[in-house]
Amino acid sequence: MAAKTSVDELEMFSEDSDTLNSSTGANGPTNGDATEHSGERSDDNVDEHVSEPTAAKKKKNKKRKPKKKKAVPTVQTEPPSILISHLFPNNTYPRGEEVEYKDDNRYRTTNEEKRHLDNINSDFLSDYRQAAETHRQVRQWAQKHIKPGQTLTEIANGIEDSVRRLVGHNGLSEGDALIAGMGFPTGLNLDNIAAHYSPNAGCKTVLQQNNVMKVDIGVHVNGRIVDSAFTMSFDPMYDNLLAAVKDATNTGVREAGIDVRLGELGGYIQEAMESYECEINGTTYPIKAIRSLAGHTILPYSIHGTKSVPAVKTNDTTKMEEGDVFAIETFGSTGNGRCVDQGEVSHYALRRDAPKVDLRLLSAKTLLSTITKNFGTLPFCRRYLDRIGQEKYLLGLNSLVKSGIVEDYPPLVDKKGSYTAQFEHTILLRPTVKEVISRGEDY
């Protein structure tokens, strides 16, 4: 999920070089029944009396066949429905791509102290790897099944329902979504819409053959959020646009590491992105990095942390540090390379630093309690409120936004007629190695 960056701030970084700146019952007839009828029998029936215990003994000695144990599933279904914890028992989830640190941090790979610090983070890593494997299996299913002619609502619900099935929490009971599930609403951003669009109730938008769609998915387990995105197109005309952004994101992932300065990392990303151009309908467009959107750290239950990874070179000397979790995401555009807020809002989140306000609207008070108990500081959308039974909540929601308690995230849009693309990975700067937790065979 994209973090918006102030363009003025970026320009300040760029222009002022002096500025510094994540039983049946097995019992047969009872003994009482047997003795009740035995006195009625004559001596002529002695043979019968002898044969009955023998028959009973044979019956008693008959061995039962052991019940067959249900086979443990080893392959995911389509659509995905088997719990990830069943596919990978005992918390043995797949690791992400592990990359050794370079230069002055090369010692970390074998250092005993760092290895000890890594080992005591087992719960942290288990949660992140479970979320990441859920992300991979759901997105790879989505990539195979998303086709033009489907509505955005159908696509979003398919992705989100799959995530909830795989983590085993449907989010319908109070607090369930806080255990595991969606890290934020699924972004389905078409063409010049770069980020923060998810269909609201009543949306009838249909995916077209000529659309370029960014698919931004967040999955969390115990508040550890994996944020990863990809772009889909159905016309090879846009291939260079997608290639540019994928290259830029991979460059950012490759160059990221402990002690790397964020402003310098932005320069590597920009250089990779802007070395591409794309011909669309006979016109050649240079690919521009969208400078108003940035990567970001991820904190527990909070998608946007305190550090930003710019998409262009700046003089920001802030360093990446051991233990940081970063979403390395880049956006490229055939337009201006700058986005503005535009369109109907779908994304919201309770602010971590929300002020204490005396709310006068009862609907706002009630909604705030619902948001806190069901989502906490995780981003949510109107569809999520709809599915837990909330009705007529818009007035209360707008009041919470105006009071600064809830933050809204309008769609971020470049100029009309332009096309944008996005790729994103989550990386863990572990004490011993950098782990690209969301890496998969697809991207």
Under 8 Å between Cβ atoms, at least 6 apart or on separate chains: pull out the pairs that start in the range 279-300 with a residue that is more than 30 Å from ARG351 (Cα to Cα) and end on any residue that is among the acidic types (Asp, Glu).
THR284/GLU277; TYR285/GLU277; TYR285/GLU279; PRO286/GLU274; PRO286/GLU277; ILE287/GLU274; ILE287/GLU277; LYS288/GLU274
Consider GLY389 carefully, then state whether it is more than 26 Å from LEU265 (Cβ to Cβ), assigned to a loop (DSSP other than H, G, I, E, B), in contact with a helix residue (DSSP H, G or I) (Cβ under 6 Å, 6 or more places away or on another chain) and outside the structural domain of GLY267 (by the TED database).
no
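Residue by residue, here is whether (1) hydrophobic (A, V, I, L, M, F, W, C); (2) assigned by the TED database to the domain that holds VAL215; (3) in contact with a Pro (Cβ under 6 Å, 6 or more places away or on another chain) holds:
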residue	(1), (2), (3)
ALA131	yes, yes, no
TRP141	yes, yes, yes
GLY158	no, yes, no
ASN170	no, yes, no
For the range 348-384, how many residues are among the small types (Gly, Ala, Ser), closer than 17 Å to LYS402 by Cβ and surrounded by fewer than 21 Cβ atoms within 10 Å (Cβ to Cβ)?
2
Would you check if LEU242 is over 29 Å from ALA349 (Cα atoms) and in contact with a Gly (Cβ under 9 Å, 6 or more places away or on another chain)?
yes
Quick one: TYR93 ticks every box in (1) open to solvent by less than 40 Å² (accessible area, probe 1.4 Å); (2) in a helix (DSSP H, G or I) bar one, so which box is it?
(2)
Conditions (1) on the phi > 0 side of the Ramachandran plot; (2) touching a helix residue (DSSP H, G or I) at 6+ places or on another chain (Cβ under 6 Å); number of the one not met by ASP103:
(2)
All but one of (1) under 18 Å from GLY187 (Cβ atoms); (2) of a type outside the set (Ser, Thr, Tyr); (3) surrounded by 21 or more Cβ atoms within 10 Å (Cβ to Cβ) hold for GLN130; state the number of the condition that does not hold.
(1)
Among the residues of the range 299-308, which ones are within 17 Å of CYS339 (Cβ to Cβ) and either of a type outside the set (Ser, Thr, Tyr) or open to solvent by less than 10 Å² (accessible area, probe 1.4 Å) (or both)?
HIS304
Is at least one residue of the range 101-112 within 25 Å of ILE225 (Cβ to Cβ), open to solvent by 40 Å² or more (accessible area, probe 1.4 Å) and not in a helix (DSSP H, G or I)?
no
Check every one of the strands (runs of 3 or more DSSP E) wholly within the range 206-298 and list those with 1 or more residues that are surrounded by fewer than 21 Cβ atoms within 10 Å (Cβ to Cβ) and among the charged types (D, E, K, R).
277-280
Do we find a residue being under 17 Å from the mean Cα position of the chain (by Cα), over 21 Å from LEU188 (Cβ atoms) and either open to solvent by 40 Å² or more (accessible area, probe 1.4 Å) or assigned by the TED database to the domain that holds TYR384 (or both) anywhere in the range 329-338?
no
Any residue at all in the range 421-435 that is surrounded by fewer than 17 Cβ atoms within 10 Å (Cβ to Cβ) and under 26 Å from ILE269 (Cβ atoms)?
no
Within the range 392-435, residues among the aromatic types (Phe, Trp, Tyr) and in a loop (DSSP other than H, G, I, E, B) come out as TYR393, TYR419
Near pairs, Cβ below 8 angstrom, 6+ apart or cross-chain, from the range 330-355 (under 30 Å from THR370 (Cβ atoms) and modelled with pLDDT under 95) to any residue that is open to solvent by less than 60 Å² (accessible area, probe 1.4 Å) and assigned to a strand (DSSP E or B):
ARG352/SER302; ALA354/VAL406
Sort through LEU172, LEU117 and tell me the only one that's at pLDDT below 95, surrounded by fewer than 18 Cβ atoms within 10 Å (Cβ to Cβ) and of a type in the set (A, V, I, L, M).
LEU117
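The values are calculated or read from the model by the stated rules, or taken from the named source; none is laboratory data. Everything numeric in this text was worked out from a predicted model, so none of it was measured. Reconstructed Cβ throughout: ideal geometry from the backbone, glycine too, with neighbour counts over all protein chains shown. Quick note on the areas: whole protein, heavy atoms, side chains included, nothing else; ligands and nucleic acids left out. Shrake-Rupley method; radii C 1.70, N 1.55, O 1.52, S 1.80 Å.
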